[in-house]
Structure formats: structure tokens, C-alpha cells
Amino acid sequence: MRRLTGPTLAASLIAGDTAPAEAGALLAELLGRLHAVPSRQGGGSILHLDLHPENVILTGDGPFVIDWSNTEEGDPGLDRAMSALIMAQVAVGDFGLPREPVRGVLAALLAHAPVSRETLAAARARRRANPTMSAAELAQLDDAVALVRETGRARG
């Protein structure tokens, strides 16, 4: 185990030390690096399935991904879609965060790591089945899916 010292990517965004476009590009880069790790069973990749700015610690040695409790092997597209959908849920939800920077992170993430309709549908199903989701989060899930689709279309 290693002790990490530094802010989360979310804290850095809120403080204005990291621009939304930079944060989205970093998430996409981290996903790409993770997906380059071969799976044990072949044919897939290691998936985090919960990669968002609260799960990235910015240290003097670079960014570190934390919270590996949802890790599986599979289609990297699902991992990208999960990250995008989580960001979209924050953008449409009532989390006390400014929405425009979150939308900027989402736009940059999708610009660097696009998602398909199929992987977005699979991510939506997983989020809907997640027992930790609140009733409010579940009620806003369709709005979040729509935001991912709109943002993805606007970027390409």
C-alpha cells in the first residue's frame, strides 16, 4: 500500500487549479492507459467502472487512480461510457457543484474517449441496478443519458 498526497482531481477542479478540458482529457488518458493492460482471460481489458474526478489523486509523481472495488474485465467502451454517464449525472443532478465545469469535463472526456449507443445503454443498465443510487439519481438517469448523447454528437 502507498500513501498518496495531493488533492483529488475534483478538488483541483473546484479550486480552479485544473481546467475542465484538462480534467476530461486526463480521465480519457487514464482510461486509455488502463485499457492497454491485457486482461487475464484475453480478449478484453481491465475496467475500473467508476473512474471520475473523485477517484483520481493528483500527486507530485502524477495522477493515481483509486477505488478499485468495481473492477472487472471486459469491453473498454463500457468503462468509457460509465465514466461519461457518471459525469453527466453530476452535471444534471443536485450535488452543489457548478454544472458548467462538469459539462466541460464531460465534453473533453467524450472528445478523447467517445462512447457508442450500445455501451451507453449498458452503462445506464448498470447504473440503474446499482443499489447505492438514490431515488433522485435514478430519476435523473435518463437526463444524464441524454446529456451524454447530446455532448457526444456536438463533439463529433
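Values in this text are rule-based calculations from the coordinates and carry no lab data. Because the structure is predicted, anything quoted here is derived from the model rather than measured. All Cβ positions, even for glycine, are placed from backbone atoms using ideal geometry, and neighbour counts span all protein chains on display.
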Next item on the list: Could you work out, for region 23-115, what percent of all Cα-Cα pairs fall into each 10 Å distance bin, beginning at 0 Å and stopping at the bin that holds the largest distance?
Entry: 18, 49, 29, 5, 0
Margin query: Could you order the peptides 63-69, 100-106 from most to least packed, using the average number of other C-beta atoms within 10 Å per residue?
Written below: 100-106, 63-69
Notebook entry, point to check: Running Debye on the chain with equal point scatterers at the Cα sites and no solvent, what base-10 log of I(q)/I(0) appears at q = 0.11, 0.12 Å⁻¹?
Noted result: -0.40, -0.48
